[in-house]
Amino acid sequence: MATSMVAEQPKPVVISLQIEQWSTNLCECDSVCDCCMAFWCYPCFNCITARDHGECLCLPLLECWGLIPPITMAMRVSTRLTYGIEDTLCNDCVYACCCGPCSWCQIRREMKARNHPVTSFRRNR
């Protein structure tokens, strides 16, 4: 009885070094419902976004509303690292300090753009 031996050469692994960017600008609103909720019910919007990102639901409530909001910065950095977005910590700090609601909206839009499961704020009719 003859046996046959099959040998395969390992295939080269190609790693893409493509630089990722944010899918939207800071103030580019794609959902009026999300933007309104971020501005009129900021803590609720932050908690829901944090939960959808996989963090503790109450994490944004620990925000100390001091000079630099640490939770907003941490969420921006976490989002950048999760999706490989190239940006700077300085930009994260400026965006978190100057426009927190816009920063949270950008994080949420990025999660939607990357097909991350996101809770919908739309009312069912």
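The values are calculated or read from the model by the stated rules, or taken from the named source; none is laboratory data. Everything numeric here is computed off the predicted structure, so don't read it as measured data. Ideal geometry is used to build each Cβ from the backbone, glycine not excepted, and the neighbour counts take in all protein chains shown. Heads up: the accessible areas ignore ligands, DNA and RNA and are worked out on the full protein's heavy atoms, side chains in. Shrake-Rupley method; radii C 1.70, N 1.55, O 1.52, S 1.80 Å.
A few remarks follow.
- Hits in segment 33-53 - residues which are within 17 Å of residue 109 (Cβ to Cβ) and free of Cβ contacts under 8 Å to residues at least 24 places away in the same chain: 36
- Residue satisfying all of: in segment 79-102; within 18 Å of residue 38 (Cβ to Cβ) and of a type outside the set (A, V, I, L, M, F, W, C); surrounded by the fewest Cβ atoms within 10 Å (Cβ to Cβ) among these: 101
- Residues that are hydrophobic (A, V, I, L, M, F, W, C) and closer than 17 Å to residue 25 by Cβ within segment 79-89 comprise just one, 85.
- The residue that is farthest from residue 113 (Cα to Cα), among those in segment 53-73 that are part of a helix (DSSP H, G or I), of a type in the set (A, V, I, L, M, F, W, C) and modelled with pLDDT under 90, is 62.
- Set 87, 92: member being at pLDDT 90 or above and outside any helix (DSSP H, G or I): 87
- Close pairs (7 angstrom Cβ cut-off, 6 or more residues apart or separate chains): touching a residue at least 40 places away in the same chain (Cβ under 8 Å) and under 15 Å from residue 63 (Cβ atoms) in segment 86-101, part of a helix (DSSP H, G or I) and open to solvent by 70 Å² or more (accessible area, probe 1.4 Å) anywhere: 101/39
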